[in-house]
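S.K.: Before I ask anything, here is the structure I am working with.
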Protein chains: 2
Amino acid sequence: MRSDALHGQVQPHPLLRKLESIADLSDEERQAILALPMNVRVFEAKSDIVRDADRPSDCALVLDGFVCRYKILPDGRRQIMGFYIPGDIPDLQSLHLQVMDHSVGTLVRSSIATIPHQNLRELMRHHPGLAEIFWRDSLIDAAMFREWMIGMGRRTAFQRTAHLLCELHVRLRAVGLAGADGYELPVTQNELGDALGLSTVHVNRVLQDLRSEGLIVLRGGSLSIPDWEALKITAEFDSAYLHLKALARDVG
Amino acid sequence: MRSDALHGQVQPHPLLRKLESIADLSDEERQAILALPMNVRVFEAKSDIVRDADRPSDCALVLDGFVCRYKILPDGRRQIMGFYIPGDIPDLQSLHLQVMDHSVGTLVRSSIATIPHQNLRELMRHHPGLAEIFWRDSLIDAAMFREWMIGMGRRTAFQRTAHLLCELHVRLRAVGLAGADGYELPVTQNELGDALGLSTVHVNRVLQDLRSEGLIVLRGGSLSIPDWEALKITAEFDSAYLHLKALARDVG
DNA sequence: CGCCCATTTGATCAATGTCAATAGTGGTGG
DNA sequence: CCACCACTATTGACATTGATCAAATGGGCG
């Protein structure tokens, strides 16, 4: 038994939380995770953690904050390809893809733990079960990319925006970082636009539409969702693609 | 030495070709791959290999043909999320994600080898190097999703279409299935639209533009690219995201 | 020959982008 | 505590891309 199982209030390691949201861990595996060497470093808002074309020698675990994966096109336009929250390792792929094909950066001041590839490789060599779980995590990441593709290819700006808000809600809840009816969303409309493939101006209008339909209350980076079912329906949101372990009684 | 190394003309196993395009294999690993049990089955054009919500117990290896990953939305619209060619295993993720969150189907009559999960797991248990390579493959898949997202979010229909044609060319060449200046593209304009997030009508117009600019010659499923550099430039195509092993002297 | 499917064309419409200006808002130095 | 600054949000007018609808053309095949 882990010691903090005695009182539910204690926050376990963010990475443990995350992994346990998508798979079961043995005590041994938990210990091994906790034993990983981590170099914690605080990044200011809007700064890069890893850059396009880098060849990282370690992975970045988000401990606190809000991070995104993005790519800048030749003409300066930016596409954000995913948001990452505490417990996520946005550059896990660098373990097996030497060269970064995009960048990873913070949206707000974030604390990031750096874990050498070498230690991750050793961990997985000794714990094949964990290797599977990390692989699984990267597959879920890919599933999120697919879902975003569906949105950008076939959903309206309105639906797509609602869908993103649903995704973040479910993911944040899965690691205990969202309340029952909302969460902190420290993302500017410009950043939302880059993630959704929309202009800032249009994001602004879509958000107003979502507000006026009573689907969201968004004010100063704080989002609340008065009627989850309604939002879910307009977004055509089905959390199956997140492949979370326990969705039964939860949102989703 | 593998026996067919004696004469370069012999086509090795499609899966070997594919894996060797993204990583180095030892002779032992090659043998192990060749020893995989495969159940070959021919699928007619436009038929499903695996369906959304299925729980597959094996993976599908494309031996011949042209396959795609897609999802149908509630209102019937379709988004194609990737094209798969001989050597690809489009549902590799089913190894670690129990439930399919989309479908995989053929575009043309294709022969598909079915490999039980169990055998793949055993293979990887005995050959951890192969596990890494398969993981790497799934990460490259994810990189392609990201690139498509960039296209749908931030590129015009024109650029995006050109980009897709570039991607397919490089991927087909990497496994020896494309000539120096073109390849067979057995995909209807409707299917292209579903992949690019465009209407069929618009795809038609974009293709005409590409033709009239002399960037492509497309006729009856046969694509030729008169000036690769020109197409690459208009598409802003950089093959880095495909993480192929040898791009040096090749297209890319 | 006739049919089915894919391609092509034209006309019009709707969603979203772009440009430019105006308001908030929070943080900072004085 | 206040004025100022930089960034973010909001609004309006207009431009553009790409969707939609409808119809015609073309090709392959039983």
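S.K.: With viscosity set to 0.692 mPa s and temperature to 37 °C, compute the Stokes-Einstein D of the range B:180-235, Rh being the Kirkwood radius across alpha carbon pairs; µm²/s, no decimals.
M.R.: For these conditions, the coefficient is 282 µm²/s.
S.K.: Now, a different point. Report the accessible area of residue B:234, computed with a 1.4 Å probe over the heavy atoms of all protein chains in place, in Å² rounded to the nearest 10.
M.R.: 40
S.K.: At residue A:238, with labels set 7 Å past Cα in the Cβ direction, how many nm apart are the copies from this one, shortest first?
M.R.: Going from nearest to farthest copy, the values are 3.7 nm.
S.K.: Hey, another quick one. For a quick check: with amide H placed at 1.01 Å from N, whose amide H comes under 5 Å from residue A:82's, ignoring anything fewer than 5 positions away on the same chain?
M.R.: A:69
S.K.: List the DSSP H helices in chain A whose Cα atoms stretch 24 Å or more along the helix axis and whose mean Kyte-Doolittle hydropathy is at least 0.0.
M.R.: Span-like helices in chain A: A:128-154, A:157-174.
S.K.: Right, next: Determine, at each q value in 0.16, 0.21, 0.22 (inverse angstroms), the log₁₀ of I(q)/I(0) that the Debye formula gives when each Cα of the range B:93-218 is one equal point scatterer.
M.R.: -1.00, -1.40, -1.46
S.K.: Let me ask you something else. Shielding by partners for B:195-204, please: the mean number of other protein chain Cβ atoms within 10 Å of each residue's Cβ.
M.R.: 1
S.K.: What is the range A:1-156 by shape, rounded, prolate or oblate, if you read a ≥ b ≥ c off the alpha carbon gyration tensor as root eigenvalues and call it rounded for a/c under 1.5, prolate for a/b larger than b/c, and oblate otherwise?
M.R.: It comes out prolate by the Cα gyration axes.
S.K.: Among rounded, prolate and oblate, which fits the protein assembly as shown when a ≥ b ≥ c are the square roots of the eigenvalues of its C-alpha gyration tensor, a/c under 1.5 means rounded, and a/b larger than b/c means prolate?
M.R.: Cα axes put the protein assembly as shown in the oblate bin.
S.K.: Suppose every K and R has +1 on its Cβ and every D and E has -1 on its Cβ; what is the size of the dipole of the range B:28-94 about the Cα centre, in Debye to the nearest 20?
M.R.: 280
S.K.: I would also like to ask the following. Once you sort the root eigenvalues of the Cα gyration tensor of the range A:71-160 as a ≥ b ≥ c, which label holds: rounded (a/c under 1.5), prolate (a/b larger than b/c) or oblate (the other case)?
M.R.: Prolate shape, in that a/c is at least 1.5 and a/b is the bigger ratio.
S.K.: Tell me, Kirkwood radius of the range A:155-252 from alpha-carbon pair distances, in Å?
M.R.: Taking the inverse mean of 1/r over all distinct Cα pairs, the range A:155-252 comes out at 13.5 Å.
S.K.: To the nearest 10 square angstrom, what accessible area does residue B:20 show with a 1.4 Å probe?
M.R.: Roll a 1.4 Å probe over it and residue B:20 shows about 40 Å².
S.K.: Under 5 Å between amide H atoms, partner at least 5 residues away or on a different chain: which partners does residue A:58 have, H built in plane at 1.01 Å?
M.R.: Residues meeting the amide H criterion: A:117.
S.K.: Still on this model: Put a point 7 Å out from Cα along the line to Cβ at residue A:122; what are the distances to that point in the other copies, in nm, shortest first?
M.R.: When each copy's label point is compared with this one, the spacings are 3.3 nm.
S.K.: Quick one: label points 7 angstrom along Cα→Cβ at residue B:36, distances to the other copies in nm, smallest first?
M.R.: 2.8
The values are calculated or read from the model by the stated rules, or taken from the named source; none is laboratory data. The model shown is predicted, which means the values in this text are computed figures rather than measured ones. So basically every Cβ, Gly included, is an ideal-geometry build from the backbone, and we count neighbours across all protein chains shown. Surface areas here come from the heavy atoms of the whole protein model, side chains and all, with no ligands, DNA or RNA. Shrake-Rupley method; radii C 1.70, N 1.55, O 1.52, S 1.80 Å.
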